[in-house]
């Protein structure tokens, strides 16, 4: 993916997770944007994409987990996106390769999902 605005959670991904009886689908944000105004606009666009996926996710009982990868290695950026998306169906998946520092975990704790649940 080229930027935050390209986060996609398609009905096909959600249905695939449902078919596999997985309660979670993972999504990634791609590389970080170059400067602050772009970041804000891209976060808002990514939140709209996630919000648009929530009705199907809720209907299928599948949570959407944004992985701490690329842009979202910075937990404050991921927390900002999750606050904008503002849905119990959207959360965070901590990538196992990332160092889980206590301050990052505290920042994301209300959104963390178990990565073992993902397809």
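The numbers here are math on the coordinates, done by the rules we state, and not lab data. Model, not experiment: these values are computed from the prediction. Quick reminder, even Gly has a Cβ in these numbers, built from the backbone with ideal geometry, and neighbours come from all protein chains shown.
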Of 69, 15, how do they rank once you tally other Cβ atoms within 10 Å and put the fewest first? 15, 69
Please work out the FRET efficiency for the pair residue 58 and residue 109, using the Cβ-Cβ distance as r and a Förster radius of 30 Å; give the result to the nearest 0.05. 0.85
When 26, 48, 106 are arranged by how many other beta-carbons sit within 10 Å of their Cβ, fewest first, they go 106, 48, 26
Using a cut-off of under 20 Å, list every residue of region 56-97 whose amide N is near the label point 7 Å from the Cα of residue 15 along the Cα-to-beta-carbon line. 56-65
Fewest-first ordering of 72, 28 by Cβ atoms within 10 Å yields 28, 72
